[in-house]
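Reviewing the structure listed below.
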Amino acid sequence: MLEIIILFVLAGKIGKIVESKGRKKTGYQFMLVGMWIGGEIGGALLGVVIAAAAGAEDGGGLLIFALALGGAITGAVMAFRIAKNAAPVESEDDYYRGIEYADRLRAGEHFGDRPATAPPVTDAITDGGDKAPRPADERIQE
């Protein structure tokens, strides 16, 4: 019963961590429960193997319990590490925030107003006909 309460509290905490990064919490909560149970089973099996190899008279119940609890804690710590290292989800709203966002940041104060510039004067046909013609290439033979 105590284990269920601990898992319920930890699932709430891991959910808050991943929600703050814009991710869905359900998958991470199931991962926490799975890693907790997997670590507990793995620790218990390790305890059984060690107790059998040592020839414990009482079956090594305390050793098995301690290693099972250690495995469960290790699984929970690994689940929290994965959740904390998850990258935040970026949305397109972060890139296209609009002019209101720029006004709120006072972006004009940082960059200043740029003066309006006239487009360059060019001839549409020759695109700079006032330049001197290219010199004739003497290497070409006719």
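None of the figures in this text is laboratory data; all of them are computed from the coordinates on show. Quick caveat, the model's predicted, so the values are computed rather than measured. Note that we place each Cβ from the backbone using ideal geometry, even for glycine, and neighbour counts take in every protein chain shown.
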(message) Checking ILE37 against (1) crowded, with 18+ Cβ neighbours inside 10 Å; (2) free of Cβ contacts under 8 Å to residues at least 60 places away in the same chain: exactly one of these is not met. Which one?
(response) (1)
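Condition first: in a helix (DSSP H, G or I) and surrounded by 11 or more Cβ atoms within 10 Å (Cβ to Cβ). Now tell me which residues in region 49-60 satisfy that. Please lay out each step first, then the result.
From region 49-60, those in a helix (DSSP H, G or I) are 49-54; that's our starting set.
If the condition is that a residue be in a helix (DSSP H, G or I) and surrounded by 11 or more Cβ atoms within 10 Å (Cβ to Cβ), then VAL49, ILE50, ALA51, ALA52 are the ones that fit.
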(request) Can you give me the number of residues within region 14-29 that are loosely packed, with under 14 Cβ neighbours inside 10 Å and in a helix (DSSP H, G or I)? (result) 4
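Looking at region 5-13, is at least one residue in contact with a Gly (Cβ under 6 Å, 6 or more places away or on another chain), closer than 30 Å to LEU63 by Cβ and in contact (Cβ under 8 Å) with a residue 24 or more places away in the chain? Give the steps one after another, and end with the answer.
Within region 5-13, the first condition is being in contact with a Gly (Cβ under 6 Å, 6 or more places away or on another chain), and the residues that meet it are none.
No: region 5-13 contains no residue that is in contact with a Gly (Cβ under 6 Å, 6 or more places away or on another chain), closer than 30 Å to LEU63 by Cβ and in contact (Cβ under 8 Å) with a residue 24 or more places away in the chain.
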(request) Could you identify the single residue in LEU46, LEU32 that is closer than 22 Å to LEU67 by Cβ and surrounded by fewer than 18 Cβ atoms within 10 Å (Cβ to Cβ)? (result) LEU46
